[in-house]
Amino acid sequence: MVVFVATMSRPPSVEQTNPGASEERVGSATVPEFRPRTGTMDQWNAAYVRVEDYLRAHRIHNRLHQSRLIQQVLERAARRHEANPSLNPIALAAEETEQAMDLWFADMLDASGQPHDRIAVDGRLALLLCDGPRRWPYAFLDRAQPAPDFSAAMRAGVIQAGPDMAVSNMSPRPIDLGPIPEAAGETMERIERWPILRTLLLWLVFAGALGVIFYATR
Amino acid sequence: MRLFLTEKMNPGRLSRRRFLFFSAIFAFTSIAAWFMADLLWTNGLLGLEVALLVLFVILFAHVAAGFCTALVGLYVINRGGDSSRITATLPSLDDATLASTAIVMPVFNEDVSRVFEGLRVVFRSVQETRRLEHFDFFVLSDSNQPNQWIQEEVAWVELCKQVGGFGKIFYRKRRHSINKKAGNVADFLRRWGRRYRYMIVLDADSIMTGRALVQLVALMERNPHVGIIQTAPRIVNGETLFARVQSFSSRLYSPLFLAGLNYWQQHEANYWGHNAVIRIKPFIEHCSLPDLPGSEPFGGRILSHDFVEAALMRKAGWGVWLAGDIEGTYEEGPPTLIDSAKRDRRWSQGNMQHAWLLTARGFRPANRFHLLMGVMGYVSSPLWLLFMLLSTIHVFAMVTSPGTFSADVGTQDTIFFGYHFEIPQAVTLFLLTVVLLFFPKVASVMVTLGRPGEATLFGGKRQLITSAFSETVLSILQAPVNMAFNSKFVLFTLLGQGVSWVTQRRGTEGDVTDWREPIITHGGQAAFGLVWGISSYIISPPFFIWLSPVIVPLVFSIPISIFLSKVSFGARARKLGLFLTPEETSPPYELRRLQQNLAECYRHLPPIEALRADYGLTQAVLDPYVNAMHVALLRQRRQTEESREWFEQLRERLLRNGPSDFTLQDKMALLMDADSMMTLHRELWGAPPEDLAEWWRLAMRQYNVLTNAPTTALYR
């Protein structure tokens, strides 16, 4: 598998002069050895956790693929940290992840040149709609030639919240309430403009009710 | 088979039907008024007696209208049904013509799982009719709670993914929720109304089978002069004792009333706001509602829009039919007495506004009657209360004025099998009232027992009779409590006041009783009943006995409310075979599927307690997919310098302090701003832990840890 770091458009000088990366044989596979040269272990642990959380939030539950991606992201972050140790490894790791995703989404959606926010939103949405992480568990951020069905699924991933509009005019039409409600309405609106009058009317009704009860019980 | 002209039946025949119906109401009311006047006349008709008589006539006429509807319904059912019904125009569905139809479901802060699982069932059911190409589905959200809003978006995408519904199922969230449900539907019509010939309006808890939906559209196609066809949804899925009793009574008694209503209404029926098909073009042209004179609650925006829309459609010459015999149309009822009262609070305000429209020019008499019945549905409660309070005063006056009133007033001797009995004169009137009130129940039971196999669907003959008897007892206990609620609502509406409710303590898993809500809600009713009861007993013990069916339920309203709200009692009643309905004993496939799907949804773990209150906001900021989906659904807006700064401050506060001190408006403002949502997502994942609130650190570590996928409203 060709991983995205190998083809990322980073300045070659930084990539080629990374002294922390060498190769170690594990069984028959080649596993690159990586040790950050700057920053503390706690800082890099925190960065590791953050990238892991972010990948998990993307439903990347393939542990093998996940750990490979984390290592690649952290390698790139570590190189940048060596160049500028005042930067926070977490922020660097986040930026690296974001950039890797932008490039990958742009490739997958054939949308290079779009602003970051647009690509990020479209890409994640396409991935969600085609159920990418579950159906193609090794495909996320893989720069190798993607499976044709995966590419097609990614490019088909658009959501349509509503069909094309066909606008109608639906403005309220007055209802002729008839003479009594019209008169009552006008009176009511007048009373509403005079809250004191309304209160007095209310008191009058209350006093009237008391009067009726008084009269009825005598 | 002869198909009648659906626009109108022979006018002479319809006039005869209406003459019979309204004359029967008049006759029963006149006879009762005669008896009442005779009772009151004993010592002369003074002011108080006249007031009592007037109130009695109004109340009795209202009861008689219900009785006569059931009586006519019984007549129709015994004749084997009405040949003049809208469904008779469509002998077969097989080759029925359909047209483009939008199924719209306005939602407002509903249980998202229920809404979308319901929609899934409806969608699948339509799919199975192989007529899906004619239907589009719209969820029209006015939800103003972040959790609901985000969950709706997630659930919509999940549902579309699962059923292949993109391009068929649409979701619209209004930015400004103007004019509530009617405004939401009007907003849909303004945007997309011209694309469709019909719309079928569903409530958030509605279920309609594909067959019923196809039947409705086919009926509209078959009857081009019909504007609205309303179905009679059956109340289903009740779990509490209250809900199960409501479901049972509606299922058992409604056939009689539906047949009776169709008998005299014909093409001038009413619209109940959902589970109905509407012809869009005339609806757009004639049913956009103006404001009423004055301001809310009595004036202003029309709240109960459905009755008015039916009246306007009729005014414009379009038919409105009630298709009570269409199967496969369901809704859910409120689970408790208090929830039912909360709904009544809204409805009472809306129905009272209809008083303005009773004399509106151009409205058909039938529509005026519908509007009047709507008003009376709530105004009858304070009138009933007033009648009884005046009766108490009347008795007090009789007791305290022995010189004026004879001691043996109200009783008379009668001889029965040689024995002398002293019976109150009011017994005849009392019996007449009892007959009118309980006849529909008895007749419904008799009709059901008389149909082979039908009683089995209600659990068997013995269970049916026991259930109907128990329901009658429970309805007697509830009636005074509802009267007290509705009287309060009407009074508060007239005074322009709102009614406050106690917030129920949710999260009480299972069937744990929350005593606080019923005590505070019913406390006033119990105290009123107690004072009234003691006073009436002091005035006259025999009068207290007459009044006890009203006093006792009021005094015991708290335990009655709690008793009815228990799920365990509902389950026990079901185990005993009580209050069973055909939808329970032989549930249709759609309802079974809904229950299974919901059970699966609710089995999953909810979000952890610390995140639950703001889980929607958490997801929209933190989850890469939810964030992208949410942003994609938002409209990008150009911001002013001031608003940019304000949003910047909000974002920083949210990340540094968490959402605990955010108002609902703050959260909604952020969620509506696409730039803020994208920026928050980026800044959250790029910020060192020390720059983030503890709440966010917890959210990032806990999110999606326990399950492979985060908690959403839908699973599978």
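The numbers here are math on the coordinates, done by the rules we state, and not lab data. Bear in mind that the values here come from a model prediction, so they are computed numbers and not experimental data. No Cβ is skipped: glycine too gets one built from the backbone with ideal geometry, and neighbour counts run over all protein chains shown.
The charge dipole of the stretch B:314-358, taken about the Cα centre with unit charges on the Cβ atoms of Lys, Arg (+1) and Asp, Glu (-1), comes to about 400 debye, rounded to the nearest 20. Students often get this wrong, so check it: of B:LYS342/B:LYS566; B:LYS441/B:LYS488; B:LYS161/B:LYS181; B:LYS173/B:LYS342; B:LYS161/B:LYS667, which have C-alpha atoms separated by over 22 Å? In this structure, B:LYS441/B:LYS488; B:LYS161/B:LYS181; B:LYS173/B:LYS342; B:LYS161/B:LYS667 lie more than 22 Å apart at Cα. Just check the stretch B:61-109 against the gyration tensor rule for me: Cα atoms, a ≥ b ≥ c as the square roots of the eigenvalues, rounded for a/c under 1.5, and otherwise prolate or oblate depending on whether a/b exceeds b/c. It is oblate, given that a/c is not under 1.5 and a/b is not larger than b/c. Between B:GLU327 and A:ASP42, the simple label model (points 7 Å from Cα in the Cβ direction) yields a spacing of 7.2 nm.
When the Cα positions of B:VAL320, B:TRP384, B:PRO365 are compared along the charge dipole of the stretch B:309-392, B:PRO365 comes out farthest toward the positive end, with charges on each C-beta of Lys, Arg, Asp and Glu.
The calculated FRET efficiency for the pair A:ILE213 and B:MET9, based on their C-beta separation and a Förster distance of 35 Å, comes to about 0.10. Residue-wise HN-Hα couplings along the stretch B:488-495, as the Karplus relation 6.51 cos²θ - 1.76 cosθ + 1.60 with θ = phi - 60° gives them from phi, are 4, 4, 5, 4, 5, 5, 5, 7 Hz; Gly and Pro carry x. In terms of overall dimensions, the C-alpha atoms belonging to the stretch B:196-276 reach 43, 29, 19 Å along their principal axes, ordered largest to smallest.
For the pair the stretch A:183-211 and the stretch B:624-647, the centres of their Cα atoms are 49 angstrom apart.
Taking every Cα-Cα distance in the stretch A:106-218 and sorting them into 10 Å bins starting at zero, the pair-distance distribution P(r) comes out as 10, 20, 12, 8, 7, 10, 15, 12, 5, 1, 0 percent.
Over the stretch B:127-169, one equal point on each Cα, no solvent: what is log10 I(q)/I(0) by the Debye formula at q = 0.19 Å⁻¹? For the stretch B:127-169, the Cα-only Debye profile gives -0.64. In the calculated pair-distance distribution of the stretch A:122-172, the portion above 18 angstrom amounts to 43 percent of the Cα-Cα pairs.
Mean separation of Cα pairs under 8 Å and 6 or more residues apart, divided by the residue count, gives the stretch B:131-276 a relative contact order of 24 percent.
Taking 0.36 nm per residue of separation and subtracting the current Cα-Cα distance, fully stretching the chain between B:GLU454 and B:LEU386 would add 20.3 nm. Placing pseudo-labels 7 Å out from each Cα toward the beta carbon at B:GLU694 and B:LEU494 gives an inter-label distance of 5.5 nm.
With 0.36 nm allotted per residue and the present C-alpha distance subtracted, the B:MET446-B:HIS604 stretch has 52.3 nm of extension available. Placing dummy labels 7 Å off each Cα toward the beta-carbon, the span from A:GLU33 to A:ARG134 is 4.1 nm. Here the alpha carbons of the stretch B:647-701 define both size measures, Rg and Dmax, at 10.5, 28 Å. Over all pairs of different C-alpha atoms, the stretch B:238-396 has a mean inverse distance whose reciprocal, the Kirkwood radius, equals 17.6 Å. Measuring r between the beta carbons of A:LEU204 and B:LYS342 and using R0 = 41 Å, the FRET efficiency lands at 0.80. In the stretch A:71-218, taking the dipole from charged Cβ atoms about the Cα centre, the farthest positive-side position among A:VAL121, A:MET170, A:MET188 is held by A:MET188.
Taking the C-alpha atoms only, the angle from helix B:674-686 to the longest principal axis of chain B is near 60 degrees. Once you divide the Cα radius of gyration of the stretch B:597-716 by 2.2 N^0.38 Å, the number left is 1.10. Taking the charge dipole of the protein assembly as shown about its Cα centre, with +1 at Lys and Arg Cβ atoms and -1 at Asp and Glu Cβ atoms, the residue from A:MET154, B:VAL442, B:GLN702 reaching farthest to the positive side is B:VAL442.
About its Cα centre, the protein assembly as shown has a charge dipole of approximately 1980 debye under the convention of +1 per Lys or Arg Cβ and -1 per Asp or Glu Cβ, with nothing else charged. Please state the shape class of the stretch B:540-621: rounded when a/c is under 1.5, otherwise prolate if a/b exceeds b/c and oblate if not, all from the C-alpha gyration tensor. Verdict is oblate for the stretch B:540-621. With a ≥ b ≥ c taken as the square roots of the eigenvalues of the C-alpha gyration tensor of the stretch B:1-142, please select rounded if a/c is under 1.5 and otherwise prolate if a/b is larger than b/c or oblate if it is not? Note, shape of the stretch B:1-142 comes out oblate. Using the Kirkwood radius over C-alpha pairs as Rh, can you work out the diffusion coefficient of chain B via Stokes-Einstein at 20 °C, viscosity 1.002 mPa s, in µm² per second? Value of D from the Cα-based Kirkwood radius: 76 µm²/s. Distant-in-sequence amide contacts of B:ILE103, defined by a placed amide H-H separation under 5 Å and a gap of 5 or more residues or a different chain, comprise B:ASP136, B:PHE137, B:PHE138, B:ILE200. The ranking of B:VAL379, B:VAL308 by Cβ neighbour count inside 10 Å, starting from the fewest, reads B:VAL379, B:VAL308.
For the protein assembly as shown, give the share of DSSP beta bridges that are antiparallel, in percent and rounded to the nearest 5; count only bridges with both residues there.
Values: 22 of 47 bridges.
If I count the DSSP bridges inside the protein assembly as shown, around 45 percent turn out antiparallel.
The calculated FRET efficiency for the pair A:ALA166 and B:ILE545, based on their C-beta separation and a Förster distance of 60 Å, comes to about 0.35. Backbone geometry of the stretch B:96-104 corresponds, through the Karplus equation with coefficients 6.51, -1.76 and 1.60 at θ = phi - 60°, to 3J(HN,Hα) couplings of 5, 7, 10, 9, 4, 9, 9, 9, 10 Hz, x marking Gly and Pro. Here, P(r) means the percent of Cα pairs in each 5 Å bin from 0 to the largest distance; for the stretch B:49-206 it is 2, 7, 14, 14, 13, 10, 9, 10, 9, 7, 3, 2, 1, 0. Our coupling estimate for the stretch B:538-555, obtained by passing each phi through the Karplus curve with A = 6.51, B = -1.76, C = 1.60 and θ = phi - 60°, is 5, 5, 6, x, x, 5, 4, 5, 4, 8, 4, x, 9, 5, 4, x, 5, 4 Hz, Gly and Pro reported as x. Close amide H contacts of B:LYS173 (hydrogens built in the peptide plane, cut-off under 5 Å, sequence separation of 5 or more or a different chain): B:SER141. The charge dipole of chain B, taken about its Cα centre with unit charges on the Cβ of Lys, Arg, Asp and Glu (plus for the first two, minus for the last two), comes to roughly 1880 debye.
If you wrap the tightest convex hull around every Cα atom of the protein assembly as shown and split its volume per residue, you get 209 Å³. Report the relative contact order of chain B, percent, no decimals, based on alpha-carbon pairs under 8 angstrom and at least 6 residues apart. For chain B, the relative contact order is 17 percent.
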